[in-house]
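Below is one structure, written out as structure tokens; the observations come after it.
FYI, it's all coordinate maths here, none of it is from the lab. A quick note: this is a predicted structure, and the numbers were derived from the prediction, not measured. Every residue, glycine among them, receives a Cβ derived from its backbone with ideal geometry; neighbour counts consider all protein chains shown.
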Amino acid sequence: MTYSPITPQSQPSPAATQAQIQTNFAQYALKFLVNHSALNTKNQGDHESVVLEKQASDPGVLQDKVNLYCKDAVANSGTEPQLFAQIMKFLPTSTDGTDAPNIGMQLTQSTVDTVGPNQFQSFLPGGYLLHFGTVTATGAVTLVPGGTQILTALAIPNNMTTSGTPTPFSISTAITASNTFNINSNATGVFSITWLAISRA
């Protein structure tokens, strides 16, 4: 026997449809077990996970609520379903009077990785990757895994000295490709540089 959406009804007596009513309750229990702890257990009814069906586009928000949903996101590593959030609109502020509808904000990126020991990265909501690390010489830095476009790259010297004496120097960065930037300096000697880059996933 399978689930029946029209049982029970006001007529006939529940005794006449007892088997179907029991089947319906059994079906409820089976469906409830998906993403939930079983009933009559210590954590009964608690969410164990939430499974979201992939959406073809941002669903839109018509009330003062937040949508949490899954849809494909394009990144340098390919297209995969990711988690998104969407609010109804961005409200105007004292410095920006735009009353703009809000598109979905990407919350996850499944290819974020650490390649250490001198290079790390993290994902920022909105589809951005934060890369950071250290180098002991100027030259090219390649982001692994890289994004589709480097938006900014910064370099900060940690201890540039020559024979233990502080030396005036200049340091700069130049973005050369979608996942590569150069660190340039006129300093000589032994030094360490901390760098940070933000890219689009």
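Convex hull volume of the Cα atoms of segment 56-138, normalised per residue: 143 Å³. Annotation for segment 131-152 versus segment 1-45: alpha-carbon center distance of 57 Å.
Amide H contacts of PHE90 (H built 1.01 Å from N, in plane; Pro and chain starts excluded): ALA100, ASN102 sit under 5 Å, all sequence-distant by 5 or more or on other chains.
Mean residue ellipticity at 222 nm, helices only, the chain: -2500 deg cm²/dmol; runs of at least 4 DSSP H residues each add -39,500 (n - 2.57), and the sum is divided by the number of residues. For the chain, set up a GNM with springs between Cα atoms under 10 Å and report which of LYS65, LYS89, LYS31 has the largest fluctuation. Answer for the Gaussian network model of the chain: LYS31. Taken over the chain, the convex hull of the Cα atoms encloses 236 Å³ per residue.
Relative contact order of the chain: 14 percent, from C-alpha pairs under 8 Å at least 6 residues apart in sequence.
When each of the peptides 45-58, 125-138 is scored by the mean number of other C-beta atoms lying within 10 Å of its residues, the order from highest to lowest reads 125-138, 45-58.
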